[in-house]
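Working notes, beginning with the structure itself.
The values are calculated or read from the model by the stated rules, or taken from the named source; none is laboratory data. Note that the coordinates shown come from a computational prediction; the quantities given were computed from them, not determined experimentally. Note: ideal-geometry Cβ built from the backbone for every residue, glycine included; neighbour counts use all protein chains shown. We work out accessible area using only protein heavy atoms, side chains counted, and drop any ligands, DNA or RNA first. Shrake-Rupley method; radii C 1.70, N 1.55, O 1.52, S 1.80 Å.
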Amino acid sequence: AALTDSSATLALTLAARARPLPKLNWRDALAEQVVHACPLSLEQLTADPVLVRGIIVRSQYFDQGVCHAGLRAGSLVLTLGAGLCTRRARLAGILDPAVGWFNVDLPEVIAVRQLCLEELVGFDEAMQYGMPVYLREGAAEVGWASQKQYISLYVLRTDVMEAHRPQLASANCGKGCI
């Protein structure tokens, strides 16, 4: 199915960020990981090199703005309409780990978050990879991100994903994405 409207924008920007560009000193490992976990055609989405370059330059511009904002422990970065943003992961080694990061999204996304908190007993909630994740013993096992018409669920343990693949036969699944 063809992507349209905001789902196309989310996929295009994620795919562009997943394209390493040595000339721009660019690599976004998390974007690469997410694209490979989802049923997206990286080649098709990044066919326009001018668009890819523009998305990367824009990402670098905002990354630099965050880095030069003088953030310190107690500061909070607020991202409105975060989509599939991977900025927090890209800047993890640069920013003070005590800087808070808050992504705001639609009410449907907030409802999924509440469900995760109720069902994932024994997990800690955190923001990693630019999305809410649920950690057990410090390791992220579940995460999710908002799309235009659905929410993607990321199961980061391949053994769990494979064990439940028969129950997911009717769902659109990638290696670790439902």
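Out of curiosity, is Leu91 within 26 Å of Leu12 (Cα to Cα) and at pLDDT 85 or above?
yes
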>> Out of the residues in segment 120-151 meeting the condition of being of a type in the set (A, V, I, L, M) and modelled with pLDDT under 80, tell me which one is nearest to Val77 (Cα to Cα).
In response: Met127
> Here is a list of conditions, (1) at pLDDT below 75; (2) touching a strand residue (DSSP E or B) at 6+ places or on another chain (Cβ under 8 Å); (3) closer than 18 Å to Thr79 by Cβ, and Leu117 meets all of them except one; can you say which number that is?
Replying inline: (3)
>> Can you find a residue that is at pLDDT below 90, farther than 22 Å from Ile151 by Cβ, of a type in the set (A, V, I, L, M) and open to solvent by 60 Å² or more (accessible area, probe 1.4 Å) anywhere in segment 3-22?
In response: no
> Looking at Gly100, is it open to solvent by less than 50 Å² (accessible area, probe 1.4 Å) and at pLDDT below 75?
Replying inline: no
>> Being farther than 23 Å from Gly138 by Cβ and open to solvent by less than 90 Å² (accessible area, probe 1.4 Å) is the filter here; which residues of segment 165-178 pass it?
In response: Arg165, Leu168, Ala169, Ala171, Cys173, Gly174, Ile178
> Which of the residues spanning segment 25-54 are over 20 Å from Arg88 (Cβ atoms), open to solvent by less than 50 Å² (accessible area, probe 1.4 Å) and modelled with pLDDT of 80 or more?
Replying inline: Leu45, Thr46, Val52, Gly54
